[in-house]
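Engineer: Just passing along the structure, written as structure tokens.
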Amino acid sequence: MIDVSARPLRLLFVDGNTREQRENHAAAYGMQMGEAYAAEIAAIAPGIVSDICLPADAGANLPDGAGLQSYDGIVLTGSALHIYEIEPAVTRQVELMRAIYASGTPCFGSCWGIQVGTVAAGGTVTRNPNGREVGFARRIVQTEAGRIHPLLAGRPIAFDAPAIHLDSVAQPPEGTTILASNAYSQVQAAEIRHDGGTFWGVQYHPEFSLRQMASILRRMVPTLIAEGFRKDEPSTRSWLAELDALDAEPQRHDLAWAHGLDAEVLDAQRRVTELRNFVTHRVEPQASARGRA
């Protein structure tokens, strides 16, 4: 754990979901996505002060440049939105990300987060021609740059991680360093430098426990069957029940073997490696540099 007792770090969590999506997530998991993300970071850095903003909502009170600079770090959640569907719930988030870059505040994003970071910097995101990546991103392999980058410090050269996405980065913007890829997505982890700011992002979800992943997939059972990931509803329900069981008992070797999962997913400390690295290597040093540590 990271000691922030001298002065609590102040972080902003940008929940990218609409009100309906947030309520559905809370009904299934017990917390909205932004709340769950804040809880994961709080477990890494106890005592943080967490604020949550909701840019997908019309009339949301979003921070301006000065407000963004008052934070030691900013985190973007996943979202069920598609960034190429031009609507206010999307464009507000792209504009907010542009302001985040300009503020120079350390920023990290998962899944939707890296997609917003990409588009805000001039890159493109499309529906992945390889199809949906569901449950886990398999064999994520670090690039040469990724092997020496602090975002992935502590990860093996190849690893798996919780993941669920249909869209992916098609054209990285200028200023992007790709840190990891796999067979599904050329950009599984990246650093993007734009307009004076630096963004770290991953296409997967280090913040998702198996229980949170299963709660999302339960709302997608017809899709999982239609797209050929599972044969029928009983087999799908059984698969998700086993993920819940493995979440409760990660030492269950039989289930870990059956699902092809190792400590990179099952160990609660190793799963959140990127989140811990973001706090350690970006948030805390920037707070010190700004004289707020």
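The values are calculated or read from the model by the stated rules, or taken from the named source; none is laboratory data. No experiment lies behind these values; they were computed from the predicted model shown. Note that each Cβ is placed from the backbone with ideal geometry, even for glycine, and that neighbours are counted across all protein chains shown.
Engineer: For segment 265-283, which positions are of a type in the set (Asp, Glu) and closer than 20 Å to GLY113 by Cβ? Steps first, answer last, please.
Structural biologist: Of the residues in segment 265-283, the ones of a type in the set (Asp, Glu) are 267, 274.
If the condition is that a residue be of a type in the set (Asp, Glu) and closer than 20 Å to GLY113 by Cβ, then GLU274 is the only one that fits.
Engineer: Now for a different question. Identify, from the list VAL265, VAL283, the residue that is crowded, with 22+ Cβ neighbours inside 10 Å, under 30 Å from GLU144 (Cα atoms) and in the same structural domain as ILE44 (by TED's automatic domain parsing).
Structural biologist: Values: VAL265 fails: in the same structural domain as ILE44 (by TED's automatic domain parsing).
None of the other options fit; the residue is VAL283.
Engineer: What strands (runs of 3 or more DSSP E) completely inside segment 67-129 contain at least 1 residues that are surrounded by fewer than 21 Cβ atoms within 10 Å (Cβ to Cβ) and modelled with pLDDT of 95 or more? Walk me through it before giving the result.
Structural biologist: Working: elements: 73-76, 107-110, 124-127.
Answer list for segment 67-129: 124-127.
Engineer: While we're looking at this one, here's another question. What pairs can you find where one residue is in segment 1-20 and among the hydroxyl-bearing types (Ser, Thr, Tyr), the other is crowded, with 16+ Cβ neighbours inside 10 Å and modelled with pLDDT of 60 or more, and their Cβ atoms are less than 7 Å apart, with a gap of 6+ or different chains?
Structural biologist: Taking only residues 6 or more apart or on different chains, the pairs are THR18/ALA56; THR18/ALA89.
Engineer: Name every residue in segment 15-56 that is among the polar types (S, T, N, Q), over 21 Å from SER70 (Cβ atoms) and not in a helix (DSSP H, G or I), in order of residue number. Steps first, please.
Structural biologist: Narrowing segment 15-56 to residues among the polar types (S, T, N, Q): 17-18, 21, 24, 32, 50.
Then keep just the ones that are over 21 Å from SER70 (Cβ atoms); that gives 17-18, 21, 24, 32.
The answer is ASN17, THR18, GLN32.
Engineer: Counting only residues that are touching a strand residue (DSSP E or B) at 6+ places or on another chain (Cβ under 8 Å) and farther than 12 Å from ASP160 by Cα, how many does segment 260-276 have?
Structural biologist: Restricting attention to segment 260-276, the residues satisfying the condition of being touching a strand residue (DSSP E or B) at 6+ places or on another chain (Cβ under 8 Å) are 260-262, 264-265, 271, 274-275.
Filter once more, keeping what is farther than 12 Å from ASP160 by Cα: 274-275.
So the answer is 2.
Engineer: Can you confirm whether segment 142-150 contains a residue that is surrounded by 23 or more Cβ atoms within 10 Å (Cβ to Cβ) and either closer than 23 Å to GLY34 by Cβ or of a type outside the set (Gly, Ala, Ser) (or both)?
Structural biologist: No, that holds for no residue.
Engineer: Can you tell me which residues in segment 233-248 are among the charged types (D, E, K, R) and either under 19 Å from PHE208 (Cβ atoms) or in contact (Cβ under 8 Å) with a residue 60 or more places away in the chain (or both)? Talk me through it step by step, then tell me what you get.
Structural biologist: The first filter runs over segment 233-248 and keeps only residues among the charged types (D, E, K, R), leaving 233, 237, 242, 244, 247.
Passing the criteria: GLU242, ASP244, ASP247.
Engineer: Among (1) modelled with pLDDT of 95 or more; (2) outside any strand (DSSP E or B), where does LEU62 come up short?
Structural biologist: (1)
Engineer: Here is a further query. Is it the case that segment 210-226 has a residue that's touching a strand residue (DSSP E or B) at 6+ places or on another chain (Cβ under 8 Å), among the small types (Gly, Ala, Ser) and surrounded by 17 or more Cβ atoms within 10 Å (Cβ to Cβ)?
Structural biologist: no
Engineer: In segment 163-208, what residues are free of Cβ contacts under 8 Å to residues at least 60 places away in the same chain, of a type in the set (Gly, Ala, Ser) and within 17 Å of SER110 (Cα to Cα)?
Structural biologist: The answer is ALA163, SER168, ALA170, ALA180, SER181, SER185.
Engineer: If you don't mind, another one. State all residues of segment 27-62 that are among the polar types (S, T, N, Q) and crowded, with 17+ Cβ neighbours inside 10 Å; if no residue qualifies, say none. Reasoning before the result, please.
Structural biologist: Of all residues in segment 27-62, those among the polar types (S, T, N, Q) come to 32, 50, 61.
The answer is GLN32, SER50.
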